[in-house]
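Since the structure comes first, as structure tokens, the remarks are kept for the end.
FYI, it's all coordinate maths here, none of it is from the lab. Only a predicted model underlies this, so the values are computations on that prediction, with no experimental measurement involved. For neighbour counting, all protein chains shown are included, and Cβ atoms are generated from backbone atoms with ideal geometry for every residue, glycine included.
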Amino acid sequence: MDTSGYTEYGYRGLEELKAKDEEIAKLKEEIGELKHRLQLMENHANNLQAKASLPRY
């Protein structure tokens, strides 16, 4: 049986695995950016909440 087209991952070819790895890296970068934006928004919300709770004179 010819197994030259197979990898240790089964039927997937090397090019398909490379494409998936690139997609995973891209998605990890996007997740990092979204986490950063979320942190900025949480900080802003906390600042607004702190300002709202200050006594007004």
Karplus-derived HN-Hα couplings along region 40-52 (A = 6.51, B = -1.76, C = 1.60, θ = phi - 60°), whole Hz, x at Gly and Pro: 4, 5, 5, 4, 5, 4, 5, 5, 5, 5, 5, 5, 5
Anchor residue 20: lysines whose Cα lies under 25 Å away (excluding residues fewer than 8 positions away in-chain): 28, 35
Modelled label reach - residue 42, point 7 Å along Cα→Cβ, region 12-32 residues with backbone N closer than 15 Å: 32
